[in-house]
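J.: Mind looking over this structure? Questions follow.
The values are calculated or read from the model by the stated rules, or taken from the named source; none is laboratory data. In this text, all values refer to a predicted model and were calculated from it rather than measured experimentally. Positions of Cβ are backbone-derived with ideal geometry, glycine not excepted, and every protein chain shown enters the neighbour counts. Note: accessible area is taken over every heavy atom of the protein model, side chains too, but ligands, DNA and RNA are not part of it. Shrake-Rupley method; radii C 1.70, N 1.55, O 1.52, S 1.80 Å.
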Amino acid sequence: MIPVRCISCGKVVSAYFDEYQNRTAEGEDPKVVLDDLGVNRYCCRRMLISHVETW
Amino acid sequence: MEIDVKKKQENELVFIIRDSDLSFANAIRRICMMEVPKIAIEDVHMIKNESAMFDEVLAHRLGLVPLFSDSESAEALLIPSECDCEDQCPKCSVSLVLRKKGPGVVYTKDLSSEDSKIKPVHDTIPLLKLMEDQEVELEATARLGIGMDHAKWEPTTACAYKHYPHITIDEKCDQCQKCADACPRGVLEFDEKTNQIKVVDLENCSMCKSCVRVCDHKYITIGHKDSDFIFTIETDGSIPPEEVLIKACDVLSNKADKIITFCEGGS
């Protein structure tokens, strides 16, 4: 499970996780998706980019 | 002191404070983060949890979920230490119920609150996963608290200020344009009409001094104004940023009043 908030700044990144995963799975560029979702800081971006859903 | 609002969005407020000082700006920043009360889940009563996730992990995740509350219902709630009840009562707490059967992902939209005005800000936060025939049932109690006690009660995410930048370009500048090329944030630009380097986006300057380093004759200098600040308040959605600022000012003036009465010999 993705952490509820960004570990560094506390932004609620998990709320965007499903949309991020669906859109990148369809082949959209992760950069475009993150910009579109308003995830601007690099601390929050790494939360979504680096997360691996294991089960 | 002058305040100039630069950007105002649902969860973000950027403004400039002029003719103030560092200690004041820092006091406001620290109070915004640490002493403005908001509502968050504090106690979780697990009735049934058959999922793979441990009770305490789930309780921690629930605590971090931001709860939206309009100012009226938040002010109607008492801070638990000021309430006359022993443990919890409707005056100082709000309860939320989660009941779900697997298979599937449980989201914050499945949390139902007893008070329709106090509910999760986002409906899409995944809380836990349930397999076939697994079930979760719990009752959570939300209370008011401050960021000093736990990060879940911090209304702000990014809350920071920076000095207002001040760029001076010497008259002797030879217009080599190196500084404009070196700036990573597009603050400087070469104006072909006047044949001069122009500051086009001063507030975006991060004072990295890349331009100073490439200038061979040190014609450009980067400084800051001691009395001006660019302040950013970003919230998690539970309280609007303007309200965070107003409440922080209230807290600060209450603290100042306390010092005055103490110095005058009161208690």
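J.: Compute and list, largest first, the equivalent-ellipsoid semi-axes of segment B:14-92 from the alpha carbon gyration tensor, each √(5λ) rounded to a whole angstrom. Kindly include the intermediate steps, with their values, before the conclusion.
T.: Values: eigenvalues 230, 73, 26 Å².
One finds semi-axes of 34, 19, 11 Å for segment B:14-92.
J.: Under 15 Å from the Cβ of B:G145, count the other residues' Cβ atoms, weight Lys and Arg +1, Asp and Glu -1, and hand me the total.
T.: Within the 15 Å Cβ shell, the charges total -4.
J.: Using all C-alpha to C-alpha distances in segment B:136-267, build P(r) with 5 Å bins and read off the rounded percent in each one.
T.: 2, 8, 12, 13, 11, 9, 9, 8, 8, 7, 6, 3, 2, 1, 0
J.: Still on this model: Evaluated at 20 °C with a viscosity of 1.002 mPa s, what Stokes-Einstein diffusion coefficient in µm²/s does segment B:132-199 have when Rh comes from the Kirkwood expression over alpha-carbon pairs? Walk me through the numbers before you get to the answer.
T.: Numbers: Rh = 18.0 Å.
Diffusion coefficient, whole number: 119 µm²/s.
J.: Take the alpha carbon atoms of segment B:220-267, find their center, do the same for segment A:9-36, and report the distance between the two centers in whole angstrom.
T.: 34 Å
J.: What average number of partner chain Cβ atoms lie no more than 10 Å from the Cβ of the residues making up A:10-22?
T.: Other-chain Cβ atoms within 10 Å of each residue's Cβ, averaged: 5.
J.: Whole angstrom only: what separates the Cα centroid of segment B:143-200 from the Cα centroid of segment B:4-50?
T.: 23 Å
J.: Name the residues of segment B:156-199 whose accessible area, probed at 1.4 Å, falls by at least 20 Å² once all protein chains are in place instead of their chain on its own?
T.: The answer is B:T157, B:A158.
J.: Exceeding 27 Å between C-alpha atoms, which entries from my cross-link table qualify? They are B:K7/B:K198; B:K119/B:K162; B:K6/B:K225; A:K11/B:K129; B:K6/B:K178.
T.: B:K119/B:K162; B:K6/B:K178
J.: Do any cysteines of chain B lack a neighbour Cys whose Cβ is under 4.7 Å away, and which are they?
T.: B:C32, B:C159, B:C173, B:C176, B:C183, B:C205, B:C208, B:C215, B:C249, B:C263
J.: Treating cross-link reach as a plain straight distance, find the aspartates and glutamates whose alpha-carbon is under 12 Å from the alpha-carbon of B:K255, omitting any fewer than eight places away in the same chain.
T.: Partners within reach: B:E35.
J.: Pairs of alpha-carbon atoms within less than 8 angstrom and 6+ residues apart define the contacts here; what relative contact order does chain B have, in percent?
T.: 27 percent
J.: Carbon and sulfur together cover what percent of the accessible area of the protein assembly as shown at a 1.4 Å probe radius? If you can, show how the numbers build up before the last one.
T.: Working: 8750 of 17670 Å².
Whole-percent figure for carbon plus sulfur exposure: 50.
J.: To continue, here is another question. Accessible area lost on pairing A with B, both sides, 1.4 Å probe, Å² to nearest 100?
T.: Answer for the A-B pair: about 1600 Å² buried.
J.: Also, I was wondering about something else. With +1 on the Cβ of every Lys and Arg and -1 on the Cβ of every Asp and Glu, and nothing else charged, how large is the dipole of the protein assembly as shown about its Cα centre, in debye rounded to the nearest 20?
T.: 960 debye
J.: Here's something else I'd like to know. Would you mind working out the accessible area per residue for the protein assembly as shown, using a 1.4 Å probe, and quoting it in Å²?
T.: 55 Å²
J.: Counting only Cα atoms, I'd like the Rg/Rh figure for chain B, Kirkwood definition for Rh.
T.: Over the Cα atoms of chain B, Rg/Rh equals 1.14.
J.: Sticking with this one: Can you give the relative contact order of chain A as a percent, counting alpha carbon pairs under 8 Å and 6+ residues apart? Display every interim value, and only then the final one.
T.: Values: 45 pairs, mean separation 22.4, N = 55.
It comes to 41 percent, rounded to a whole number.
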